Amino acid sequence: AIRAALTRPRDPAQTLKDAADMRGRLEKDTGRVEVWNVKSAPGGLIDIEFIAQALMAAHAGRNPDVLRANTREALLALRDAGVLPEADAEALVSALTLFENVLHVLRLTVDEPFKPSEASASLRALIGRAAEQTSFEAVEAALTVTMTDVRARFQRLVGAVGAS
């Protein structure tokens, strides 16, 4: 029943517009978030998940093989089906890896919202290693650049983030 619902024909343009509007509403409800809120920040993990889910919803009617429960697998299936250009898939999978690595460390080590100014030297070093960066400052710069890139891809692939 779920597969039948996901593969029913739908207007791809409207599906993508609805996804962009939904992301805008989520962003409005969340309010301003810092780059260290890797999940919710504009261009963060949620944007990647929305790209994968929106493209699957828009294209599963014609190509049910794109359906995947895992975001990384979905991006690769969308690439293999010719829905997601290779360069976008590579960039999004790379961003997903960065975000997941940082998020895993933060979830395991910090109970409250992460405050970089209060982080110990050992935690900052751990985050740097997890993100495969040479320093903690390089992680923050990589997050900023990557989030900007992901948001630009979101807007090109799904649509402008709006709040209906």
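Each reported figure results from applying straightforward, stated rules to the coordinates on display, with no laboratory input. All values reported here derive from a predicted model rather than from experimental measurement. A quick note on method: Cβ atoms are made from the backbone with ideal geometry, for glycine too, and the neighbour counts reach across all protein chains shown.
Quick rundown of the values:
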item	result
Computed over the chain: relative contact order in percent, which uses C-alpha pairs under 8 Å that are six or more apart	35
Alpha-carbon Rg with Dmax, taken over segment 66-158, Å	15.2, 45
Spread of Cα-to-Cα distances over 10 Å intervals beginning at zero, given as percent, for segment 1-87	18, 44, 30, 8
Equivalent ellipsoid dimensions for the chain as semi-axes, Å, which come from the Cα gyration tensor, largest first	31, 17, 13
For segment 9-88: relative contact order, % (alpha-carbon pairs under 8 angstrom, 6 or more apart)	27
Förster-model FRET efficiency, 41 Å R0, R151 and A1, C-beta, rounded to 0.05	0.75
Among F136, F154, L106 the positive-end extreme of the charge dipole of segment 94-164 (Cβ point charges)	F154
Per-residue ³J(HN,Hα) for segment 61-68, Karplus 6.51 cos²θ - 1.76 cosθ + 1.60, θ = phi - 60°, Hz, x for Gly and Pro	x, 8, 9, x, 5, 7, 5, 9
Selection from V33, A60, L45 lying farthest towards where the dipole of segment 1-118 points positive, charges on Cβ	A60
Per-selection metrics, segment 4-50 (Cα): Rg and Dmax in Å	13.1, 39
Bins of 5 Å from zero: percent of alpha-carbon pairs in segment 83-125	5, 19, 22, 17, 12, 10, 8, 6, 1
Rounded, prolate or oblate (a/c below 1.5 giving rounded, otherwise prolate when a/b exceeds b/c) for segment 60-104 by Cα gyration tensor	oblate
Choice from E137, E86, E112 showing the highest fluctuation, given a GNM over the chain with Cα pairs closer than 10 Å	E112
Cβ charges +1 (Lys, Arg) and -1 (Asp, Glu), total dipole of the chain, debye	460
